[in-house]
Structures are given as structure tokens and as C-alpha cells.
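Written below as C-alpha cells is the structure these notes are about.
The values are calculated or read from the model by the stated rules, or taken from the named source; none is laboratory data. Since this is a predicted model, take the numbers as computed values, not measurements. A quick note on method: Cβ atoms are made from the backbone with ideal geometry, for glycine too, and the neighbour counts reach across all protein chains shown.
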Amino acid sequence: MSEWVFIELPSNTIADLSAPELPYPIRREKMALYDELKQEGLPLLLIAEELDRYLEEQPGRVERYRREAAHLFFCAGVECVMDKCAEESVHYFKLAVWLDPAQLPARVNLGMSLHLLSCGEEAIAQYREVMRRGTVWDWWQAWMLCAEELMAMGRPEEAMPLLIEVKATVPDSHRFWELLSECEQKLNPACPHCGARLKAKTRFCGECGGKLG
């Protein structure tokens with residue numbers, strides 16, 4: 001078992017993180033690194049890494065840290081995204097969701113990080129969980145991202161119902177309208193020669209006779 005030192009974080013060091021009820025654990029052998037890093041600002045990733053290690057060693061303490069740890073891990077995930085460390089961000093977003101299943105921002109960000117790692121089905125699962133727990137008016141980005149993932153996987157017929165739901169919110173997103181157009185074209189392709197709508201699995205246009213494909 002590790003030997004732990006407990007530190008008090010300065011107040012308001014992390015946006016929206018309420019004052020912790022308990023001090024944060026740092027392994028004694030990591031204290032020199034912590035003291036060095038904090039000279040340049042809050043060493044968030046080190047604190048998150050140490051808390052992760054502590055809760056793994058002391059599972060009985062999870063409930064004591066649950067609320068603050070969920071937000072801390074979410075912030076660590078965001079910092080990993082900014083550092084372009086997708087695998088690390090997935091780890092911290094998963095911890096945030098584990099501690100607080102209702103934390104929808106963590107789920108959306110988890111889905112996006114999973115997308116970067118080409119884990120499409122896992123990303124879709126996270127977006128669908130956001131859709132189950134939230135409303136399209138508040139979380140339309142999850143609907144759009146899920147549709148985008150489905151489109152990338154060649155499943156426009158599953159993407160279109162999601163895009164139709166989002167369309168009702170009139171989203172202020174150029175990417176959404178592009179995606180909707182792409183999905184419509186895949187489901188109802190047009191002849192490249194005359195623009196007429198084509199029937200599925202046809203080799204020649206019924207209007208102009210042009211060869212397709």
C-alpha cells in the first residue's frame with residue numbers, strides 16, 4: 001500500500017468545483033513533483049492521477065470523494081483533450097461517468113474522444129445515453145454527433161431520424177445542415193448528369209439514361 005499525504009487545494013482553483021469536504025491524497029514520493037509543478041499553476045493531471053490511484057487502493061473511500069472527484073476527473077479529461085491525449089481523456093471521462101452517471105457533459109466528451117480513437121460503437125453508446133437522459137433542446141449536439149458517427153459507419157437510415165429531431169430545434173450549426181444534406185443525398189441520391197432522384201441499386205438514370213457509378 002502507498003503512503004499518502006493529504007493536501008488542501010486553494011479555493012476556486014477549478015471552475016465550478018465546490019470546496020472539497022476532504023483533502024486530496026498525494027503519494028509521499030510524488031510530493032516533490034507536486035511542489036515543483038504547482039509553482040507554475042495547479043497540477044490538475046497529477047492530482048487526478050493520484051486521486052485515481054488512491055480510490056483504487058481505497059475503494060471504501062469512493063463515496064467520500066464522489067461529488068468532487070467526478071468533476072475533477074471531468075476537468076482532467078478536458079485538459080487531456082487540449083493536450084491532444086485522447087486515450088488519457090477517455091480514461092478520465094470514464095471515471096467521471098462512473099462516479100456520476102448523470103454527468104452528461106462528460107458523456108458527450110467521452111463520445112468525442114472515443115471517436116478520435118475510432119471506437120465508433122462505444123461513442124454511439126455514450127451519445128445514446130445522453131439522448132436517453134437529456135432532451136434534444138438542451139443536448140442537440142449529442143443527437144448530431146451520434147448521427148455523424150452513424151453516417152461515418154455507413155448507416156444513414158439510422159442517422160436521419162436523429163437529424164430530423166435536431167432540425168426541429170433549428171440549430172445554429174453549419175456542420176449540422178451539411179450533415180443533413182449529406183444524409184439526404186445518401187438516402188435519396190441524385191443523378192450526377194441531370195440531377196434527377198434515383199432509385200436504389202440502379203445502374204442507369206431513368207430520366208436521362210446516364211450511366212451511374
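Would you mind stating whether Val108 is at pLDDT 95 or above and within 25 Å of Glu50 (Cα to Cα)?
Judged against the criteria, Val108 is a match.
Is region 13-27 home to any residue that is surrounded by fewer than 18 Cβ atoms within 10 Å (Cβ to Cβ), part of a helix (DSSP H, G or I) and of a type outside the set (Lys, Arg)?
Looking through region 13-27, none of the residues is surrounded by fewer than 18 Cβ atoms within 10 Å (Cβ to Cβ), part of a helix (DSSP H, G or I) and of a type outside the set (Lys, Arg).
Kindly check whether there is at least one residue in region 96-107 that is of a type in the set (Lys, Arg), in contact with a helix residue (DSSP H, G or I) (Cβ under 8 Å, 6 or more places away or on another chain) and outside the structural domain of Glu184 (by TED's automatic domain parsing).
yes
Return the residues of region 45-87 that are under 17 Å from Lys30 (Cβ atoms) and crowded, with 19+ Cβ neighbours inside 10 Å; say none if nothing qualifies.
Result: Ile47, Ala48, Glu50, Leu51, Tyr54, Leu55, Leu72, Ala76.
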